[in-house]
Amino acid sequence: MKRVVDPESRDGGEEEAALIGEARWPMACAVLAAMVLTFLFPSEVRLLPRWITPSIEAILLVALILADPGEITRRERWLRGLSIGLVVLLMANALWGTALLIDQLVTGGSITNSAGELLKAGTVVWLSLNIAFSLLYWELDGGGAATRAHRLPRHPDFAFPQHMNNALAPPRWRPRYVDYLYLAFTNAQAFSPTDVMPLVPWAKLTMATQSLVSLGILSLVVARAVNVFS
């Protein structure tokens, strides 16, 4: 474990804080899953040809892995720009698919004539959207994974249970991607915070947006599917 001088560290107030990097592979697996889901998007909810968006995402992901392999620790402005660009692309793709799906549901497009196809499309879009939001939370909280590796912010954007009770986590605990993945999926299903509390405006507004979009997808898809079955 590397050590760096960090006078702002909140890990026990020590001047010398441990550099605790996060493995790249969970985030990479999430991006790969989002790419696969994009291939599964029906043509009715896809703006660009099937291969364009995943190809760009793959290029950005490979660049991130080559520039900072293993643990995520490099705090370079251009590297963070690549990571944010990848997340923005994933979000744009998921939100656009969501908008097209809702348009199909409202206007009665061809995809709504089959309950099976509709449920498949709704599931793919919903999963893609939640993965994108999980990566957004992961990227923005506390300045990103590389910044969290060097130090935890004195005032975090999200309050995890481990932040509020030191007995629940080992010393120098950091939230990992899986924590943000859990946050995204529970927020999408409960339509409200569960055990992770948003503390700053951007976190509250983003979680509220995800809840509203998720509610719209689930309610409209289920209602239309029941109507088709009946």
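No value in this document is a laboratory result; all are computed from the given coordinates. Just so it is clear, the model here is predicted, and its values are computed rather than measured. Cβ sites come from the backbone with ideal geometry, for glycine too, and all protein chains shown count toward neighbours.
Key figures for this structure:
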quantity	calculated
Positive-end residue of Ile65, Leu135, Leu89, charge dipole of the stretch 23-229 with Cβ unit charges	Ile65
C-alpha long axis of helix 25-40 to longest principal axis of the chain, angle in °	10 degrees
Principal-axis tilt of helix 201-229 within the chain, Cα atoms, nearest 10 degrees	30 degrees
Most to least packed among 44-52, 163-171, 83-91 [average Cβ atoms within 10 Å]	83-91, 44-52, 163-171
Nearest-ten-degree value, helix 115-140 long axis tilted from longest Cα axis of the chain	20 degrees
The chain - charge dipole about Cα centre, Lys and Arg +1 at Cβ, Asp and Glu -1, debye rounded to 20	160 debye
Within a Gaussian network of the chain (alpha carbon springs, distance under 10 Å), most fluctuating of Val124, Val213, Val36	Val36
C-alpha center-to-center spacing [the stretch 100-138, the stretch 18-68] in angstrom	18 Å
Cβ-based net charge around Leu32, under 14 Å, with every Lys or Arg adding one and every Asp or Glu removing one	0
Prolate/oblate/rounded call for the stretch 23-229, Cα gyration tensor, a/c under 1.5 rounded	oblate
Potential lengthening between Ile65 and Met197 on full extension [0.36 nm per residue; Cα-Cα distance subtracted]	44.5 nm
